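The values are calculated or read from the model by the stated rules, or taken from the named source; none is laboratory data. Remember, it's a predicted structure, so these values are computed and weren't measured experimentally. Counting neighbours? That spans all protein chains shown, and the Cβs are built from the backbone with ideal geometry, glycine included. Areas reflect the complete protein model, heavy atoms only, side chains present, ligands, DNA and RNA absent. Shrake-Rupley method; radii C 1.70, N 1.55, O 1.52, S 1.80 Å.
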Amino acid sequence: MRAGLLSDPEVIRRLNENFVCTTVLIHDARRLADQGDELAKELVAQWTYPLEMMFLRTDGSLISKLNSFKDFPGVHPDVAAPPGRERVVVANERAHVDIFLRHLEEHLPK
């Protein structure tokens, strides 16, 4: 994600203008959820392997999400496929950016 999608200037601009962005490893989210953290509980409940981009309301409830396997075809040329998966090259490197920006337009408040 960081090599392609999250390096695109338009994606960076949209994220910076509209969101508070953070990264949480699932291991850490599970530990925090086990300690009673309500936001971590929501993240763990919504998480799907291998990587989720979750868009949350200010109360921590889910608006929408994107999954790196389900929603983005192939992988960026700078990224290797995970173990057990065959690497599929993205013919159009811009495709992931277009999918992401379209998702924002369709699912997030204007």
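Observations, loosely collected:
- Among residues of the stretch 1-29 being outside any helix (DSSP H, G or I) and open to solvent by less than 90 Å² (accessible area, probe 1.4 Å), the one that is modelled with the lowest pLDDT is MET1.
Residue-by-condition table, conditions (1) open to solvent by 80 Å² or more (accessible area, probe 1.4 Å); (2) within 23 Å of HIS107 (Cβ to Cβ); (3) at pLDDT 85 or above; (4) not in a loop (DSSP other than H, G, I, E, B):
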residue: ARG31; (1), (2), (3), (4): yes, no, yes, yes
residue: GLY36; (1), (2), (3), (4): no, no, yes, no
residue: ALA40; (1), (2), (3), (4): no, yes, yes, yes
residue: VAL44; (1), (2), (3), (4): no, yes, yes, yes
residue: MET53; (1), (2), (3), (4): no, yes, yes, yes
residue: SER64; (1), (2), (3), (4): no, yes, yes, yes
residue: PHE72; (1), (2), (3), (4): no, yes, no, no
residue: PRO77; (1), (2), (3), (4): no, no, no, no
residue: GLY84; (1), (2), (3), (4): yes, no, no, no
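- Scanning the stretch 22-53 for residues that are over 14 Å from LYS65 (Cβ atoms) and touching a Leu at 6+ places or on another chain (Cβ under 7 Å) yields one hit, ALA40.
- Taking the stretch 44-70 as the range and being charged (D, E, K, R) and farther than 14 Å from ALA29 by Cα as the test, the residues that pass are ARG57, ASP59, LYS65, LYS70.
- In the stretch 7-18, the residues that are more than 13 Å from LEU104 (Cα to Cα) form Cβ pairs under 8 Å with partners that are surrounded by 16 or more Cβ atoms within 10 Å (Cβ to Cβ), at six or more places apart or across chains, as follows: ASP8/VAL97.
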